[in-house]
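Below: one structure, written as structure tokens.
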Amino acid sequence: MNKAAVFHRASDSMCYSPDGRHLVIRLSTAADDISSVIVMAGDPHDWMDAPGHAGGYAWRCHPHAAHKTGSDGIHDFWQIEWMPPYKRARYFFRLTASDGSLWDYGEKGIIAQGAGPADQEPAGDYWNAFVFPYINAVDVFRAPSWVEGTVWYQIFPERFRNGDAANDPAGTKDWHRGPVTNHEFYGGDLRGIIDGLDHVASLGCNGIYLTPIFRSPSVHKYDTADYLGLDPAFGTEAELAELVKACSDRGIRLILDAVFNHCGREFGPWRDVLKNGESSPYRDWFHIASFPLFHKGHDTGDSRDASFETFAFTTGMPKLNTANPDVRAYLLDAAERYVRDYGISGWRLDVSNEVDHDFWRLFRARVKAANPDAYIVGEIWHDAMPWLRGDQYDAVMNYPVGTAISDFMLGRPWMASGTDLARRLAAIEFMYPEPVLRAAFNLLDSHDTDRIATRFGGRGQAFMALALLFSLRGSPCVYYGTEYAMEGGHDPDCRRCMVWDPDQGEQAFRQMLSALIRVRLRHSELLARGTRIGTGLDAYPGFVALGATLGGRSLVVMANRGIVPVPAAEWKACLPSASSIVELLGDQTFDRDLDPGALAVLGLE
Ligand code: CA
């Protein structure tokens with residue numbers, strides 16, 4: 001047995017309560033190294049009479065067979081879900097290795113079965129156990145349940161629609177197709193979003209994420225000048241209220257973007273520091289090591305030439321001191337205000353992993369007090385477990401799943417086959433508790449990346465990637481314009497003006513995406529709560545099948561980005577057996593080979 005690969009920790013994704021009563025206990029082992037895992041579990045205080053044992057008593061525990069939930073090819077992942085009778089748990093793992101050897105694994109290590117004091121059998125080697133002390137209800141991760149049934153639509157307001165020429169910034173350019181930069185305005189605004197809501201609703205999206213709308217000199221508004229005032233080029237507070245109401249009337253929830261890691265150069269307190277230096281009452285609102293602020297006597301734009309901390313190395317984005325009580329009060333008031341007074345459904349948090357955890361705990365308390373059902377989603381591109389323990393966020397922007405699908409679509413060497421993709425997704429499933437994944441914000445592209453139609457070099461591939469994303473647990477997001485397969489390279493090119501005069505091909509793409517969104521919404525519960533399906537076929541590396549099964553029904557997205565057809569007998573053999581297989585986008589029985597470049601969204605019963 002490969003002892004080095006056997007790992008468990010009684011916290012985070014490896015031991016958690018999904019609901020306040022049950023406990024999920026997970027273990028990782030080397031792939032194909034262990035033939036069975038039994039979790040011996042009981043209450044830590046539950047003793048029973050045992051005349052042959054030391055002291056005449058022994059710890060009472062019971063066996064629970066773990067099942068293998070997946071593998072990333074290096075590790076196998078095991079799990080039980082168990083209800084501790086008194087919300088407390090002590091447990092250890094009883095392992096049977098593939099070579100037939102028998103081991104007990106607990107906090108003290110991996111010990112051959114029977115090596116402990118004999119009089120402690122058969123109750124178990126309780127001296128070598130893990131403990132989950134108590135399931136306290138307030139500690140349980142709880143995200144708003146509505147998120148599971150949400151398909152998001154992300155809007156970059158400056159480029160979505162110009163609904164009011166009267167608020168256009170000076171020099172506003174004509175709306176057009178094609179490349180853009182970050183140095184010109186096109187007049188997009190809240191009125192335009194209100195006018196475009198029927199379009200979003202008809203697509204089927206029921207959540208909107210707006211990038212920042214607060215006052216700022218830039219097109220992207222990630223350099224906030226005033227957290228309590230909307231940008232006048234975007235509209236008025238009355239229009240924001242009207243937008244929230246218009247969304248609500250269409251069953252759409254709206255979340256806004258909070259940029260609390262840093263402010264912009266025009267932010268009042270920072271302007272005061274620039275003007276008054278050390279004597280500014282706001283000097284502790286930032287991370288300033290010394291005065292003067294600029295080593296070379298002027299602002300070079302690079303914070304390595306300055307004595308204050310910033311976002312990246314941009315002196316135009318000074319980092320806020322979120323440990324300062326005045327800064328906290330200011331930002332938390334703003335966060336609460338838009339939830340309480342305007343009825344927004346939550347916040348997306350920019351560069352949220354660079355802000356202290358303590359601030360986010362206070363943020364959560366304030367926002368949830370204003371609306372317990374508000375959704376808090378952090379911008380974190382990597383493993384984000386420390387923010388997802390129930391005391392900070394409900395979700396993060398789940399770039400790891402989008403990146404995995406992209407790598408597969410692009411045939412990257414480390415993601416050369418569907419099996420590789422299925423394994424990577426299994427590893428991500430194991431990285432987080434299941435309730436965290438159900439609330440995840442899943443995306444392929446955004447204002448920070450290239451657009452998928454450009455990335456994958458074609459509409460068919462873009463749609464295939466979207467369908468794979470839609471098969472996952474979590475709420476998928478569509479970046480504005482994706483419904484027309486809008487093109488665009490990396491920032492700023494991904495921020496092009498929205499298409500409002502679609503040609504026939506673009507309209508056809510929109511119809512396909514709308515059908516996909518509707519299938520997804522009909523199967524939200526199955527995808528959120530079902531047992532995951534993820535598989536490739538060794539003989540057909542371009543093939544992958546992803547989905548879930550619940551109560552005898554399955555939804556499977558099957559894609560072939562390879563160069564040969566996958567025979568029907570082959571793909572059927574790796575799916576759950578079913579008497580009925582229907583292609584849900586076309587509502588037709590599906591029984592044929594999967595051609596190169598083809599995609600099928602299957603309902604199996
Ligand atoms: Ca305008």
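The values are calculated or read from the model by the stated rules, or taken from the named source; none is laboratory data. Fair warning: this is a prediction, and the values are worked out from it, not measured in the lab. Quick reminder, even Gly has a Cβ in these numbers, built from the backbone with ideal geometry, and neighbours come from all protein chains shown. Just so you know, the surface numbers come from the protein's heavy atoms only, side chains and all, with ligands and any DNA or RNA stripped out. Shrake-Rupley method; radii C 1.70, N 1.55, O 1.52, S 1.80 Å.
Shown is the FRET efficiency for Asp46 and Arg522, computed with R0 = 35 Å from the Cβ-Cβ distance and rounded to the nearest 0.05: 0.15.
Considering only Cα atoms, the convex hull volume of region 530-604 works out to 76 Å³ per residue.
Note: relative contact order over region 264-321, using C-alpha pairs below 8 Å and six or more positions apart, is 32 percent. Per-residue extension of 0.36 nm, minus the Cα-Cα distance of His382 and Lys572, leaves a gain of 65.0 nm for this segment. About the centre of its Cα atoms, region 264-321 shows a dipole size close to 40 debye [charges on the beta carbon of Lys, Arg (+1) and Asp, Glu (-1) only; nearest 20 debye]. Heavy-atom surface analysis with a 1.4 Å probe gives region 530-604 a carbon and sulfur content of 50 percent of its accessible area. Taken along the Cα-to-beta-carbon direction at a fixed 7 Å, the label points for Asp503 and Ser202 span 2.1 nm. Listed values for region 276-282 are Karplus-derived 3J(HN,Hα) couplings in whole Hz (6.51 cos²θ - 1.76 cosθ + 1.60, θ = phi - 60°), namely 9, x, 4, 7, 5, x, 9, and x replaces Gly and Pro. As a fraction of the 1.4 Å probe accessible area of region 262-405, surface on carbon and sulfur atoms comes out at 50 percent. Backbone geometry of region 231-239 corresponds, through the Karplus equation with coefficients 6.51, -1.76 and 1.60 at θ = phi - 60°, to 3J(HN,Hα) couplings of 5, x, 6, 8, x, 10, 5, 5, 6 Hz, x marking Gly and Pro. Ligands, DNA and RNA left out, the 1.4 Å accessible surface of region 3-139 is 54% carbon and sulfur atoms.
Entry for region 224-332 at q = 0.22 Å⁻¹: log10 I(q)/I(0) = -1.16, Debye formula applied to identical alpha-carbon scatterers, no solvent contribution.
Remark: region 11-21, residue by residue, has Karplus-estimated 3J(HN,Hα) of 7, 6, 6, 9, 7, 8, 9, x, 8, x, 10 Hz, where x stands for each Gly or Pro and the curve is 6.51 cos²θ - 1.76 cosθ + 1.60 at θ = phi - 60°. Solvent-accessible surface of region 153-202, averaged per residue with a 1.4 angstrom probe and all protein chains in place: 40 square angstrom.
Working from Cα pairs under 8 Å separated by at least six residues, relative contact order for region 3-139 is 27 percent. With protein chains left intact and a 1.4 Å probe, residues in region 535-595 average 48 Å² of accessible area per residue. Here the average projected area of the convex hull drawn through the C-alpha atoms of region 264-321 stands at 3.3 nm².
Taking 0.36 nm per residue of sequence separation and removing the Cα-Cα distance, the Ser145/Ala312 pair yields an extension gain of 56.6 nm. Here's the picture: a label point sits 7 Å out from the Cα of Asp32 along the beta-carbon direction, and within region 59-90 the residues with their amide nitrogen under 16 Å of it are 70-77.
A Förster distance of 60 Å, applied to the separation of the beta-carbon atoms of Ala369 and Leu274, puts the FRET efficiency at 0.95.
Building the convex hull from the alpha-carbon atoms of region 3-139 and averaging its projection over directions returns 8.2 nm².
Averaged per residue, region 3-139 has 46 square angstrom of accessible surface, using a 1.4 angstrom probe with ligands and nucleic acids left out. Within region 423-560, the proportion of C-alpha pairs whose separation exceeds 18 Å stands at 58%. Computed from the C-beta positions of Lys245 and Arg304 and an R0 of 56 Å, the FRET efficiency is 0.75 to the nearest 0.05. Taking every C-alpha pair closer than 8 Å and separated by at least 6 residues, the mean separation divided by the residue count of the chain gives a relative contact order of 11 percent.
Taking 0.36 nm per residue of sequence separation and removing the Cα-Cα distance, the Arg9/Arg361 pair yields an extension gain of 124.4 nm. Shown for the chain: lysine pairs separated by 8 or more places, or found on different chains, whose C-alpha atoms are under 21 Å apart, numbering 8.
Projected label points at Gln511 and Ala165, each 7 Å from Cα along the beta carbon direction, are separated by 3.4 nanometres.
Per-residue ellipticity at 222 nm, computed for the chain from helices alone with -39500 (n - 2.57) per DSSP H run of at least four residues, works out to -7000 deg cm²/dmol. Measuring max minus min along each principal axis, the C-alpha atoms of region 320-474 give extents of 51, 29, 27 Å (largest first). Region 486-587 has equivalent-ellipsoid semi-axes of 30, 19, 14 Å, by the square roots of 5 times the alpha carbon gyration tensor eigenvalues, sorted largest first. For the chain, the spread of Cα coordinates along the three principal axes comes to 87, 67, 46 Å, biggest extent given first.
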